[in-house]
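Just below is one structure, and these are the notes that go with it.
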Amino acid sequence: MVREWDPRTASSAEISSLLDCLNQVFRTDLPGDPLWQPNYLREYLTETMPGVRRVCWLAEEAAAGGQPDRVVGHVNVLLLGDIGVLEVLVHPQVRRSGLGRRLLAVAVRRAYHEGFSSVGVEVIGGTCAVNFYESLGFDRQFREIRSVLRLAGLDWPAIEKMAGDLAAGYEVEFHPGGPPAELIDAYARTKAEQRVLEDGDLDLRPSSYDPQRLQESLGCLYRRGMKPYIVLARHPRTGQVAGLTEVVVPAQHPNRADQYDTIVAQDHQGQGIDRAVKARMLLELRSAEPQLTEVQTWNAEGDEQLIAMNEELGFQRDRDWWDYGADIPTLLHRLGVRS
């Protein structure tokens with residue numbers, strides 16, 4: 001049975017069963033990745049940025065002996081800007097049963113009735129999801145490469161040297177929780193500059209390129225149980241945030257952190273800022289998050305300079321991550337769903 005589901009009012013048993021389904025998917029599709037913990041899972045699903053909504057459905061299988069129904073599938077659609085962003089999970093034991101198509105159909109139909117004309121989805125390379133989406137006419141539109149850094153065995157003296165190896169005239173600062181209020185405007189301007197340069201990405205995540213949106217984003221991260229850390233390089237003579245790097249430690253998998261943006265302003269390229277702030281971040285995380293064992297990052301295909309710098313820091317390429325997109329009316333026709 002597939003039913004619309006509100007995680008805000010869901011029982012603890014439903015949340016727990018969904019977590020089990022999610023971790024079974026990870027065991028099959030991402031062996032070696034940390035399993036998720038129950039911490040803040042409800043909030044992870046319910047909290048969104050202002051103006052963004054998430055609608056969820058569950059697929060359940062009746063359990064014997066009066067036990068609670070077991071979650072065997074989940075789909076949610078994030079109604080974001082002008083695109084509906086999909087996330088579909090199907091328990092490995094019930095794959096190839098048509099459940100994935102049914103889950104996809106209900107979410108795409110809702111996006112259509114909400115006025116959206118296209119949907120996007122992130123797909124993990126090397127998994128059965130690639131054939132699933134391509135068979136339904138999704139177009140492969142953007143490729144990222146995931147890399148993982150394992151903190152055990154890092155050459156910490158070398159990391160310390162990298163952290164100090166930048167041109168004179170900059171001050172590097174560590175800010176747990178996000179940039180201080182007096183730097184919000186300058187920080188947002190540097191991120192906005194990067195947005196102009198980006199090209200090709202489907203932009204499947206909420207973005208924070210203005211001061212108010214940036215503050216809202218930080219608040220949303222906290223509500224979802226995701227702790228942000230910032231290292232930035234200030235240029236005191238101009239007051240500009242010359243470079244920055246962001247890492248988030250999620251309560252759902254606190255042993256593996258997620259690297260977010262690393263940006264160097266155009267006027268400050270070539271000064272060693274990007275490598276220095278990333279190295280400083282690793283040094284700070286070692287004491288701020290002692291349980292942390294790994295950091296994962298994603299880089300756009302073709303960004304060989306940043307990938308090479310990450311490898312110098314100790315990151316190792318792991319697997320491809322693809323953005324796919326589809327036109328909703330065409331997709332509904334392929335799914336055999338009346339709009």
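The values are calculated or read from the model by the stated rules, or taken from the named source; none is laboratory data. Because the structure is a prediction, the values reported are computed rather than measured. Note that each Cβ is placed from the backbone with ideal geometry, even for glycine, and that neighbours are counted across all protein chains shown.
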Across segment 96-115, the tally of residues that are over 16 Å from ILE328 (Cβ atoms) and part of a helix (DSSP H, G or I) stands at 3
Log entry, pairs with first residue in segment 82-110 being over 20 Å from CYS21 (Cα atoms), second being of a type in the set (Ser, Thr, Tyr), beta carbons closer than 9 Å, six or more apart or on different chains, reads ASP82/SER117; ASP82/SER118; ILE83/SER117; ILE83/SER118; GLY84/TYR112; GLY84/SER118; ARG109/SER339
Residues of segment 280-325 being small (Gly, Ala, Ser) and touching a Leu at 6+ places or on another chain (Cβ under 7 Å), in sequence order, are GLY314, GLY325
Within segment 175-188, residues over 12 Å from ARG234 (Cα atoms), assigned to a loop (DSSP other than H, G, I, E, B) and in contact (Cβ under 8 Å) with a residue 24 or more places away in the chain come out as GLY177, GLY178
PRO290 meets each of (1) of a type outside the set (A, V, I, L, M, F, W, C); (2) free of Cβ contacts under 8 Å to residues at least 12 places away in the same chain; (3) in contact with a Gly (Cβ under 7 Å, 6 or more places away or on another chain) with one exception, condition (3)
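Working carefully through the options GLY81, GLY100, GLY120, find the one that is closer than 23 Å to ARG143 by Cβ, in contact with a helix residue (DSSP H, G or I) (Cβ under 8 Å, 6 or more places away or on another chain) and small (Gly, Ala, Ser). Working first, answer last.
Values: GLY81 fails: in contact with a helix residue (DSSP H, G or I) (Cβ under 8 Å, 6 or more places away or on another chain); GLY120 fails: in contact with a helix residue (DSSP H, G or I) (Cβ under 8 Å, 6 or more places away or on another chain).
Testing whether each residue is closer than 23 Å to ARG143 by Cβ, in contact with a helix residue (DSSP H, G or I) (Cβ under 8 Å, 6 or more places away or on another chain) and small (Gly, Ala, Ser) leaves just GLY100.
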Checked against (1) surrounded by 12 or more Cβ atoms within 10 Å (Cβ to Cβ); (2) in a helix (DSSP H, G or I); (3) modelled with pLDDT of 95 or more, LYS191 satisfies every condition except (3)
Taking segment 40-80 and the residues there that are under 17 Å from the mean Cα position of the chain (by Cα) and part of a loop (DSSP other than H, G, I, E, B), the one that is farthest from GLN215 (Cα to Cα) would be TYR40
Per the filter on segment 108-133, residues under 20 Å from LEU30 (Cβ atoms) and charged (D, E, K, R) are GLU122
Among the residues of segment 266-278, is any at negative phi and not in a helix (DSSP H, G or I)?
yes
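Rundown of residues vs (1) within 16 Å of VAL231 (Cα to Cα); (2) touching a Gly at 6+ places or on another chain (Cβ under 7 Å), yes/no style:
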position: GLU246; (1), (2): yes, no
position: ALA251; (1), (2): no, yes
position: ARG256; (1), (2): no, no
position: GLN259; (1), (2): yes, no
position: THR262; (1), (2): yes, no
position: ALA265; (1), (2): yes, yes
position: VAL277; (1), (2): yes, yes
position: ARG280; (1), (2): yes, no
position: LEU283; (1), (2): yes, no
Flagged in segment 17-43 as within 27 Å of LEU292 (Cβ to Cβ) and out of contact with any helix residue (DSSP H, G or I) (no Cβ under 9 Å at 6 or more places or on another chain), in numbering order, are ASP20, CYS21, ASN23, PHE26, LEU30, PRO31, GLY32, ASN39
Cβ pairs under 8 Å, 6+ apart or interchain, first in segment 223-251 and under 21 Å from ARG189 (Cα atoms) and assigned to a strand (DSSP E or B), second at pLDDT 95 or above and among the basic types (Lys, Arg), ordered by first then second residue, are VAL231/LYS278; VAL231/ARG280; GLN240/ARG234; VAL241/ARG234; ALA242/ARG234; THR245/LYS278; VAL248/LYS227
Within segment 263-307, residues being under 17 Å from MET162 (Cβ atoms), among the aliphatic types (A, V, I, L, M) and modelled with pLDDT under 95 number 2
Counting only residues in segment 27-53 that are of a type in the set (Lys, Arg) and surrounded by fewer than 17 Cβ atoms within 10 Å (Cβ to Cβ), the one nearest to ARG317 (Cα to Cα) is identified as ARG27
Counting only residues in segment 116-174 that are part of a loop (DSSP other than H, G, I, E, B) and of a type in the set (Phe, Trp, Tyr), the one surrounded by the most Cβ atoms within 10 Å (Cβ to Cβ) is identified as PHE138
When (1) under 13 Å from SER118 (Cα atoms); (2) surrounded by fewer than 16 Cβ atoms within 10 Å (Cβ to Cβ) are applied to TYR324, the one that fails is (2)
